[in-house]
Amino acid sequence: MLLEEAFDGPGEARLTNELRADGHVVLELGAFDADRLIGVVVFSRLMIEGPGASFPAVALAPVATAADARRAGVATSLIETAHRQLIEAGERLSVVLGEPEFYSRFGYEVERAEGFSSPWQGPYMQAVAWGDAPEHGQLHYAPAFDRL
Ligand SMILES: CC(C)(COP(=O)(O)OP(=O)(O)OC[C@H]1O[C@@H](n2cnc3c(N)ncnc32)[C@H](O)[C@@H]1OP(=O)(O)O)[C@@H](O)C(=O)NCCC(=O)NCCS
């Protein structure tokens, strides 16, 4: 419901359900106002295929806040908390496709993703590294993204 409304259609809700069903969610956090879900962020497994080796990274998608709860820091808190948990769990790189103006505050940079190849490569593709991680390679998103 939250995702359908936030994205004005079923695509991201379906994506999230498929990521869960396929076991490809690495971390999912929700924000609640009393019992009501007002925010969600999902990170799924993404593989970076380099010469001779594959590196496990994560992809941030989707993130959404209920329309009447926006501009109150909900998404910021979800993403920052998730990043802390991912780093503690040993994750070393995250990619996102979206507005650099929004995601740069979380450390994402277009330049960090420029060496990667993917169907979504371009000015909205960004990455943040939290340790040693590949600079180049082919990004392989979870199969649910192919059905978006
Ligand atoms: C994008 C979204 C998740 C932000 O949620 P939120 O809880 O309002 O975010 P926050 O309150 O933490 O906002 C943090 C900042 O991001 C800014 N921001 C929000 N959306 C932005 C956007 N699309 N581009 C640039 N900046 C944006 C806000 O202005 C705010 O900045 P400020 O504190 O300087 O005013 C929410 O607007 C949403 O659900 N949108 C519809 C779904 C969507 O587009 N998801 C992202 C897909 S890339």
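The values are calculated or read from the model by the stated rules, or taken from the named source; none is laboratory data. What you see is a predicted model; the values in this text were computed from it and never measured. FYI the Cβ positions are ideal-geometry reconstructions off the backbone, even for glycines, and counts take in every protein chain you see. Just so you know, the surface numbers come from the protein's heavy atoms only, side chains and all, with ligands and any DNA or RNA stripped out. Shrake-Rupley method; radii C 1.70, N 1.55, O 1.52, S 1.80 Å.
Which one of Leu86, Leu148 is open to solvent by 80 Å² or more (accessible area, probe 1.4 Å) and more than 8 Å from the ligand (Cβ to nearest atom)?
Criteria check complete, one pass: Leu148.
Out of all the residues in region 67-83, which are surrounded by 19 or more Cβ atoms within 10 Å (Cβ to Cβ), small (Gly, Ala, Ser) and in contact (Cβ under 8 Å) with a residue 40 or more places away in the chain? The answer is Ala82, and nothing else. Scanning region 92-102 for residues being touching a residue at least 40 places away in the same chain (Cβ under 8 Å), under 13 Å from the mean Cα position of the chain (by Cα) and either assigned to a loop (DSSP other than H, G, I, E, B) or within 16 Å of the ligand (Cβ to nearest atom) (or both) gives a total of 2. Filtered by the rule that a residue be in a loop (DSSP other than H, G, I, E, B) and either within 16 Å of the ligand (Cβ to nearest atom) or modelled with pLDDT of 95 or more (or both), region 103-120 gives Gly107, Tyr108, Glu114, Gly115, Ser118, Trp120. Take the residues of region 42-64 that are within 16 Å of the ligand (Cβ to nearest atom) and more than 17 Å from Asp22 (Cα to Cα): which is least open to solvent (accessible area, probe 1.4 Å)? Per the criteria, the residue is Ala64. Answer yes or no as to whether Leu97 is open to solvent by less than 20 Å² (accessible area, probe 1.4 Å) and out of contact with any helix residue (DSSP H, G or I) (no Cβ under 8 Å at 6 or more places or on another chain). Against the criterion (open to solvent by less than 20 Å² (accessible area, probe 1.4 Å) and out of contact with any helix residue (DSSP H, G or I) (no Cβ under 8 Å at 6 or more places or on another chain)), Leu97 does not qualify.
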